[in-house]
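The values are calculated or read from the model by the stated rules, or taken from the named source; none is laboratory data. The structure displayed is predicted, hence computed values, not measured ones. Glycine gets a Cβ as well: all are built from the backbone with ideal geometry, and neighbour counts include every protein chain shown.
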């Protein structure tokens, strides 16, 4: 499987705290990669290096390289807004804008210069269909996004991320605030979306990683302990620390 993301000898510091240590990792294209590990082990920190969200934190220092489609995203000539168009993100808590459902999805395309109502209508419909929300909201697109349920709001946030046609979708514990039925809908959605997008997800739920991911990466204390095809990692982990974690001995 071809890789779209190559991480080489990555170290990340928050002031003096060494949060990521010599991370080397390949992430395959058009597949689901899950990051698992106990709280504070570095998985969300690594996720946020992929679209430079850590730039917003004071005192962050990065060494090593993160390449997406062969280009180092930490080069000085990288335009961060373009990077975040290529690498979309969905957060733990649904965070729709206090605007209409339509305007939430159209926000990104408008930001990137699309003004035609016909074109925006098409993008909104396509994105809501991709996020399995269209049938539920098509008759009231002008209604406030905040009127939707939590699960619908999260699928709207996925539609908003997809509207600018990214290559990669990052999901930072995107179902942890949702009920089981909404979680299942998003897991099914992830399985559909991987045909078109590379998905990297952080999850505390090992069962979820086992259900939906093709590759799983186990983190501990800022290091990648093991990265393997999901089926292999959960059935025959190579490292005893991975086995201890997935069997519930810690974490």
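Only one residue in 191, 153 is surrounded by 19 or more Cβ atoms within 10 Å (Cβ to Cβ) and at pLDDT 95 or above, so which one is that?
Values: 191 fails: surrounded by 19 or more Cβ atoms within 10 Å (Cβ to Cβ).
Result of the check over 191, 153: 153.
Filtering segment 167-188 down to residues that are under 20 Å from residue 145 (Cβ atoms) and touching a strand residue (DSSP E or B) at 6+ places or on another chain (Cβ under 6 Å), which residue is surrounded by the fewest Cβ atoms within 10 Å (Cβ to Cβ)?
172
Of all residues in segment 210-239 being part of a loop (DSSP other than H, G, I, E, B) and within 20 Å of the chain's Cα centre (by Cα), which is nearest to residue 29 (Cα to Cα)? Break it down stepwise before answering.
To start, the set of residues in segment 210-239 that are part of a loop (DSSP other than H, G, I, E, B) comprises 213-214, 221-222, 236-239.
Of the ones still in play, those that are also within 20 Å of the chain's Cα centre (by Cα) are 213-214, 222.
On the way: 213: 13, 214: 11, 222: 24 Å.
Of everything passing the filter in segment 210-239, 214 is nearest to residue 29 (Cα to Cα).
Which residue, of 160, 110, is farther than 21 Å from residue 93 by Cα and either surrounded by 18 or more Cβ atoms within 10 Å (Cβ to Cβ) or without any contact (Cβ under 8 Å) to a residue 40 or more places away in the chain (or both)?
Details: 160 fails: farther than 21 Å from residue 93 by Cα.
Being farther than 21 Å from residue 93 by Cα and either surrounded by 18 or more Cβ atoms within 10 Å (Cβ to Cβ) or without any contact (Cβ under 8 Å) to a residue 40 or more places away in the chain (or both) holds for just one of 160, 110, which is 110.
Take the conditions farther than 29 Å from residue 218 by Cβ, touching a residue at least 24 places away in the same chain (Cβ under 8 Å) and not in a loop (DSSP other than H, G, I, E, B) and apply them to residue 104. Does it pass?
Numbers: farther than 29 Å from residue 218 by Cβ: yes; touching a residue at least 24 places away in the same chain (Cβ under 8 Å): yes; not in a loop (DSSP other than H, G, I, E, B): yes.
Judged against the criteria, residue 104 is a match.
Of all residues in segment 187-204, which are within 21 Å of residue 37 (Cβ to Cβ) and assigned to a helix (DSSP H, G or I)? Lay out the reasoning, then the answer.
So the first thing to find is which residues in segment 187-204 are within 21 Å of residue 37 (Cβ to Cβ), and the list is 187, 190, 198-204.
Once the filter is applied, which keeps residues that are within 21 Å of residue 37 (Cβ to Cβ) and assigned to a helix (DSSP H, G or I), segment 187-204 yields 187, 190.
If I ask for residues that are out of contact with any strand residue (DSSP E or B) (no Cβ under 7 Å at 6 or more places or on another chain), in contact (Cβ under 8 Å) with a residue 24 or more places away in the chain and over 11 Å from residue 186 (Cα atoms), which ones from segment 131-155 would you list?
137, 140, 146, 148, 149, 150, 153
Suppose we filter 120, 170 for residues that are touching a helix residue (DSSP H, G or I) at 6+ places or on another chain (Cβ under 8 Å), farther than 24 Å from residue 53 by Cβ, modelled with pLDDT of 95 or more and not in a loop (DSSP other than H, G, I, E, B); which single one remains? Lay out the reasoning, then the answer.
Working: 170 fails: farther than 24 Å from residue 53 by Cβ.
120 is the lone residue from the list that is touching a helix residue (DSSP H, G or I) at 6+ places or on another chain (Cβ under 8 Å), farther than 24 Å from residue 53 by Cβ, modelled with pLDDT of 95 or more and not in a loop (DSSP other than H, G, I, E, B).
If a residue has to be within 16 Å of residue 176 (Cβ to Cβ) and touching a strand residue (DSSP E or B) at 6+ places or on another chain (Cβ under 7 Å) to count, how many in segment 201-251 make the cut?
Result for segment 201-251: 7.
Those residues that are in contact (Cβ under 8 Å) with a residue 40 or more places away in the chain and within 26 Å of residue 192 (Cα to Cα), I need them from segment 209-227; list them, please.
Selection gives 209, 212, 213, 214, 215, 216, 217, 218, 227.
Which members of segment 84-98 meet the condition of being touching a strand residue (DSSP E or B) at 6+ places or on another chain (Cβ under 8 Å) and either closer than 21 Å to residue 46 by Cβ or surrounded by 15 or more Cβ atoms within 10 Å (Cβ to Cβ) (or both)? Steps first, answer last, please.
Within segment 84-98, the first condition is being touching a strand residue (DSSP E or B) at 6+ places or on another chain (Cβ under 8 Å), and the residues that meet it are 86-92, 98.
Those that are touching a strand residue (DSSP E or B) at 6+ places or on another chain (Cβ under 8 Å) and either closer than 21 Å to residue 46 by Cβ or surrounded by 15 or more Cβ atoms within 10 Å (Cβ to Cβ) (or both): 86, 87, 88, 89, 90, 91, 92.
From the residues in segment 123-150 that are under 30 Å from residue 70 (Cα atoms) and in contact with a helix residue (DSSP H, G or I) (Cβ under 7 Å, 6 or more places away or on another chain), which one is surrounded by the fewest Cβ atoms within 10 Å (Cβ to Cβ)?
Applying the first criterion (under 30 Å from residue 70 (Cα atoms)) to segment 123-150 yields 123, 126-127, 130-131.
Next, only the ones that are in contact with a helix residue (DSSP H, G or I) (Cβ under 7 Å, 6 or more places away or on another chain) stay: 123, 127, 130-131.
Details: 123: 22, 127: 25, 130: 19, 131: 26.
Applying the filter and picking the extreme gives 130.
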